[in-house]
1. Starting from the Cα of residue 84, step 7 Å along the direction of its Cβ; do the same at residue 48; then give the gap between the two resulting points in nm.
2. Note down the nm distance, to one decimal, between modelled labels 7 Å out along Cα→Cβ at residue 21 and at residue 41.
3. When ranked by the protection proxy of mean other Cβ atoms within 10 Å per residue, highest first, what sequence do the peptides 47-56, 9-18, 76-85, 61-70 form?
4. Residue 32 to residue 55: extension gain in nm, 0.36 nm per residue of separation minus the Cα-Cα distance?
5. Note down, for segment 22-99, the three equivalent ellipsoid semi-axes (square root of 5 times each alpha carbon gyration tensor eigenvalue), biggest first, whole angstrom.
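Just so it is clear, none of the values below were taken in a lab; they were calculated from the coordinates. Keep in mind it's a predicted model, so treat the numbers as computed, not measured. Don't worry about glycine lacking a Cβ; one is built from the backbone with ideal geometry, like all the others, and counts go over all protein chains shown.
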């Protein structure tokens, strides 16, 4: 027999359930780096990013379709925070066109 909520006994006013089953937190899988033949370009220059910088760049890339990336303050804040995780060889640390 299928269990249906409509088959439950009526409860007191405001009581929605009697038990809660929690199976623990769900963690995202570890970040998988892009293949070495996939290049990241900044100002027309190919760069090798640290694993963390690459992962953060991926977060941004997934947001390109969102309204946030059309806002200057979002982009400035992203670049400021992203530079903190970039390796020293990365042009994003101190690109020539950004003060």
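1. 2.6 nm
2. Each label point is offset 7 Å from its Cα along the Cβ direction, giving 5.3 nm.
3. So the peptides 47-56, 9-18, 76-85, 61-70, ranked by packing, come out 47-56, 76-85, 61-70, 9-18.
4. 7.4 nm
5. Over the Cα atoms of segment 22-99, the semi-axes work out to 24, 18, 12 Å.
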